[in-house]
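Asker: Got a structure here, written out as structure tokens. Questions coming.
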Amino acid sequence: MQIEAENLSVVNNGLTYRPQMTVFGDSFKEDAVFGTFYFALVNEFWAEAYAGLCIRPASWAYINIGLGLEVDDNPFRIGGGILLMHNNITFHQIYEYGGSGFWYNVRLNYKLWDNFKAGGIFKRYYGVGPNFEFRTGKLPLFFDFAPLYDYEDENYKLMLIVRYFL
């Protein structure tokens, strides 16, 4: 299971604090092909939660699809994703659709050192830009930083995530 504390600041408005909490987990037994996953997110404006089926067709590939609810007049939401991890490359895509509309998160990272990955991110309502992930020593604590440009609202943004794996 992982827990994330995230902040997204719009640079044009100063560096503000807009916290968001996320929880994600899955239930895979060793060498199993099928498992389950759950996901929940909450911030001051919005929340969602869903769960579903996860498939591991190869040791380096995960595919998931789930159903859930969100804070919206039409609360139903569907989400899915693909995670590919091969050698030093990680490619992760997440797509969601529901009452509040379509959302996506696409990341491609390359592991440069044991505690540092660099790559790119393309995330709806956040923007597009470079992504840097640092791990603190042997602790399962990660810092994820991305300076982004959101072409939809034409703003520069900074994303900072602190991620802890239990």
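Asker: Check off (1) surrounded by 17 or more Cβ atoms within 10 Å (Cβ to Cβ); (2) outside any strand (DSSP E or B) for residue 73 and give me the number that stays unchecked.
Answerer: (1)
Here's the yes/no breakdown for (1) touching a residue at least 40 places away in the same chain (Cβ under 8 Å); (2) within 23 Å of residue 161 (Cβ to Cβ); (3) of a type outside the set (Phe, Trp, Tyr):
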position: 26; (1), (2), (3): no, yes, yes
position: 36; (1), (2), (3): no, no, yes
position: 64; (1), (2), (3): no, yes, yes
position: 68; (1), (2), (3): no, yes, yes
position: 91; (1), (2), (3): no, yes, no
position: 95; (1), (2), (3): no, yes, no
position: 111; (1), (2), (3): no, yes, yes
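Asker: Taking residue 162, is it of a type outside the set (D, E, K, R), part of a strand (DSSP E or B), closer than 16 Å to residue 2 by Cβ and touching a Leu at 6+ places or on another chain (Cβ under 8 Å)? Don't jump to the end; show me each part of the working.
Answerer: Details: of a type outside the set (D, E, K, R): yes; part of a strand (DSSP E or B): yes; closer than 16 Å to residue 2 by Cβ: yes; touching a Leu at 6+ places or on another chain (Cβ under 8 Å): yes.
Considered against the rule, which asks whether it is of a type outside the set (D, E, K, R), part of a strand (DSSP E or B), closer than 16 Å to residue 2 by Cβ and touching a Leu at 6+ places or on another chain (Cβ under 8 Å), residue 162 comes out as yes.
Asker: Checking residue 21 against (1) loosely packed, with under 15 Cβ neighbours inside 10 Å; (2) in contact (Cβ under 8 Å) with a residue 60 or more places away in the chain; (3) part of a strand (DSSP E or B); (4) of a type in the set (A, V, I, L, M, F, W, C): exactly one of these is not met. Which one?
Answerer: Result: residue 21 passes all but (2).
Asker: Moving to a separate point now. Quick check: is even one residue across the range 16-37 among the basic types (Lys, Arg), closer than 21 Å to residue 150 by Cβ and more than 16 Å from the chain's Cα centre (by Cα)? Even if it seems obvious, please write down each step before you answer.
Answerer: Kept after step one, since they are among the basic types (Lys, Arg), are these residues of the range 16-37: 18, 29.
Next, from what is left, pick out any that are closer than 21 Å to residue 150 by Cβ: 18.
Restricting the remaining residues to those that are more than 16 Å from the chain's Cα centre (by Cα) gives 18.
Checking the range 16-37: at least one residue is among the basic types (Lys, Arg), closer than 21 Å to residue 150 by Cβ and more than 16 Å from the chain's Cα centre (by Cα).
Every number in this text was worked out from the coordinates using simple rules, so none of it is lab data. None of the values given here were measured: they were computed from a predicted structure. Don't worry about glycine lacking a Cβ; one is built from the backbone with ideal geometry, like all the others, and counts go over all protein chains shown.
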